[in-house]
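The values are calculated or read from the model by the stated rules, or taken from the named source; none is laboratory data. Here the structure is a predicted model, which is why all the values come from computation and not from measurement. Cβ atoms come from the backbone with ideal geometry, glycine included; neighbour counts cover every protein chain shown. Just so you know, the surface numbers come from the protein's heavy atoms only, side chains and all, with ligands and any DNA or RNA stripped out. Shrake-Rupley method; radii C 1.70, N 1.55, O 1.52, S 1.80 Å.
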Amino acid sequence: MKDIKLIVTDMDGTFLNSKYEVSPDFPKVYEELKKRNILFVPASGRQMSGITKYFGEIKDEIGFIAENGGYVVYKNEEIFADKLSQSSIAGIIRAVREISDARAVLSAKGNSYYESSDHTFVDYFSKYYIENQKREDLTQEVDDSVFKIAVYHPISAEEFLYPALKKFENEDLEVVVSGKNWLDIMNKHTNKGNAIEKLQKSLNILPEQTMAFGDYLNDIEMLKNAHYSYAMENAHPSVKEVAKFEACSNDRFGVLETIKTYLNGM
């Protein structure tokens, strides 16, 4: 591994520990990456502001993949943005309303939008969706580019959300479980893998020059587009089946430990 030019990492459950903290070693490691012209790119299901808040001092120097690949930026320049149709949004919101305890968030370029009056949920999701706004009815069009519908369930997205919402999987839409409590619905070809591919092509970087880290089902396409693919120790079993390598858990800052090992071996 002497030719890495791009390192891409998921955030929650991967780069961040269970307390949503960045490793204290990151600034030093990032400086080494910068010296060696290796681009660092966080890739998350979060909206852009929910990712960039962790990288304030360097956000103009790196790339970001937000909205599960629906929004890609490199050095503040938009590389890709993928908008959901209003007809899709309205149908999905009506279906979510039929699921007990489910809550929906429209994740858009300027804001995230919600209609729930459940204050516990609002306090919780606001940790991920920093810029947010309450709407009376999410089936009504918002004056914003909506990339993704994120649906929350307090017990299990895989058990309670996916069976009810998988009917939206078709030639236009993708439905993916993105965490224990979250499911995301996006345009069919919106995923972190396609986002990485667009970034690689725009920067002339090959998959063989890419290292990627992930822990959940929405990371699978991303790992397939990186020759050096790592599943976290705490990853979903399906992710471990796809990845070529394994990193120690996010609570041991496995991403940083793997990168440090790589840099020390150069």
(request) For residues that are under 23 Å from TYR74 (Cβ atoms) and either assigned to a strand (DSSP E or B) or of a type outside the set (D, E, K, R) (or both), tally how many sit in region 16-38. (result) 9
(message) I need the strands (runs of 3 or more DSSP E) fully contained in region 39-134, keeping only those with at least 3 residues that are closer than 30 Å to ASP3 by Cβ and of a type outside the set (Gly, Ala, Ser).
(response) 39-42, 71-74, 77-81
(request) List the number of the failed condition for GLU136; all other conditions in (1) surrounded by 14 or more Cβ atoms within 10 Å (Cβ to Cβ); (2) out of contact with any strand residue (DSSP E or B) (no Cβ under 6 Å at 6 or more places or on another chain) hold. (result) (1)
(request) Report, by residue number, each residue of region 30-51 that is within 20 Å of SER145 (Cβ to Cβ) and surrounded by fewer than 20 Cβ atoms within 10 Å (Cβ to Cβ). (result) SER49
(request) Output the number of residues of region 147-162 satisfying the condition of being within 17 Å of ARG97 (Cβ to Cβ) and touching a residue at least 60 places away in the same chain (Cβ under 8 Å). (result) 4
(request) Would you check which residues across region 148-162 are under 11 Å from VAL177 (Cβ atoms) and either in contact with a Phe, Trp or Tyr (Cβ under 9 Å, 6 or more places away or on another chain) or not aromatic (Phe, Trp, Tyr) (or both) and list them? (result) VAL151, HIS153, SER156, ALA157, GLU158, GLU159, LEU161
(request) Taking the residues in region 84-112 that are under 30 Å from ILE38 (Cα atoms) and open to solvent by 20 Å² or more (accessible area, probe 1.4 Å) as candidates, determine which candidate is modelled with the highest pLDDT. (result) LYS109
(request) Please state which one of LEU223, LEU206, LEU199 is farther than 20 Å from SER238 by Cα, out of contact with any Pro (no Cβ under 7 Å at 6 or more places or on another chain) and crowded, with 19+ Cβ neighbours inside 10 Å. (result) LEU199
(request) Starting from region 113-132, take each residue that is touching a residue at least 12 places away in the same chain (Cβ under 8 Å) and list its partners that are assigned to a helix (DSSP H, G or I), counting only C-beta distances under 7 angstrom and pairs at least six apart or across chains. (result) TYR114/VAL122; SER116/VAL122; TYR128/GLY50; TYR129/GLY50; ILE130/SER49; ILE130/GLY50; ILE130/LYS53; GLU131/SER49
(message) Tally up the residues in region 176-196 that are over 25 Å from ASN250 (Cα atoms) and surrounded by fewer than 20 Cβ atoms within 10 Å (Cβ to Cβ), please.
(response) 3
(message) Take the residues in region 69-83 that are surrounded by fewer than 19 Cβ atoms within 10 Å (Cβ to Cβ) and hydrophobic (A, V, I, L, M, F, W, C); name whichever of them is modelled with the highest pLDDT.
(response) ILE79
